[in-house]
1. Looking for whichever is open to solvent by less than 30 Å² (accessible area, probe 1.4 Å) and either in contact with a Pro (Cβ under 7 Å, 6 or more places away or on another chain) or closer than 20 Å to Thr28 by Cα (or both) here; the options are Asn61, Asn65. Which one fits?
2. Please tell me if Val91 is surrounded by 14 or more Cβ atoms within 10 Å (Cβ to Cβ), touching a strand residue (DSSP E or B) at 6+ places or on another chain (Cβ under 9 Å) and farther than 21 Å from Asn44 by Cα.
3. For segment 142-153, check the following and say yes or no: at least one residue is open to solvent by 30 Å² or more (accessible area, probe 1.4 Å) and without any contact (Cβ under 8 Å) to a residue 12 or more places away in the chain.
4. Working only within segment 37-52, note down all residues that are of a type in the set (D, E, K, R) and closer than 20 Å to Arg167 by Cα.
5. Only one of Ala114, Ala168, Ala118, Ala164 is over 17 Å from the mean Cα position of the chain (by Cα) and touching a residue at least 12 places away in the same chain (Cβ under 8 Å). Can you tell me which?
6. Just a yes or no: is a residue in segment 117-131 open to solvent by 60 Å² or more (accessible area, probe 1.4 Å) and under 24 Å from Gly25 (Cα atoms)?
7. With (1) surrounded by fewer than 13 Cβ atoms within 10 Å (Cβ to Cβ); (2) over 24 Å from Pro38 (Cα atoms); (3) not aromatic (Phe, Trp, Tyr) as the list, and Ile84 as the residue in question, which single condition is left unmet?
8. Please give the number of the condition Phe81 fails out of (1) touching a Phe, Trp or Tyr at 6+ places or on another chain (Cβ under 9 Å); (2) among the hydrophobic types (A, V, I, L, M, F, W, C); (3) more than 23 Å from Lys136 (Cα to Cα).
Amino acid sequence: MKRILLIAVAGFLMFNKVNAQSKPGESTIGLGLDAVFPVGDYKNIADYGIGVSLLYQKPVNKNLNITGNVGYLRFHGPAIFSNIKYKEGYVPIKGGARYFVLKPLFFTGEIGVAIPTANGYGSGTAFIYTPGLGTKFLVSKTGTLDIGVRYESWARSNSTRSFAGIRAGYNF
């Protein structure tokens, strides 16, 4: 799985010109921290999840960016057997769009896949759909901070895992 993540990151960097000093209209890459909280039936299995993400944005016009997002999420939960606690890791790979309603406020939508990092209860690739909203702040001449909330659902076979998430990221 580390190879897949490394290949995805290398692909973004090789096929897209990304400058450390972004100007309006230029592509950006952002590193983010994610915290997620299961909802529905999934909250009976997992208590929370934490992770990291790499977000690529390419402006299409002044209000619309297309996005590519890859990361790692690890879910934690209560003991399943004796003292063995629930832990599962996934590599979500998503593509989508951000639409800026007002310059700092955006709506986002993404679709993609979640790939498990180990065999077990959660094995098998899942389809992802994610609506969300957020805001972006200029924090330096070369970077912005964005904070967003989202609802994310992963559908696989006959089950669905859903959670609410928060992402804080720094964009170069």
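1. After ruling out the rest, the residue left standing is Asn65.
2. So Val91 fits the description; yes.
3. No, every residue in segment 142-153 fails to be open to solvent by 30 Å² or more (accessible area, probe 1.4 Å) and without any contact (Cβ under 8 Å) to a residue 12 or more places away in the chain.
4. Matches in segment 37-52: Lys43, Asp47.
5. Sole residue among the options that is over 17 Å from the mean Cα position of the chain (by Cα) and touching a residue at least 12 places away in the same chain (Cβ under 8 Å): Ala118.
6. Yes, because at least one residue in segment 117-131 is open to solvent by 60 Å² or more (accessible area, probe 1.4 Å) and under 24 Å from Gly25 (Cα atoms).
7. (2)
8. Only one criterion is unmet by Phe81, namely (1).
The values are calculated or read from the model by the stated rules, or taken from the named source; none is laboratory data. The structure displayed is predicted, hence computed values, not measured ones. Here the Cβ is made from the backbone with ideal geometry for all residues, glycine too, and neighbour counts use every protein chain on show. What goes into the accessible areas is simple: the full protein's heavy atoms, side chains included, and nothing from ligands, DNA or RNA. Shrake-Rupley method; radii C 1.70, N 1.55, O 1.52, S 1.80 Å.
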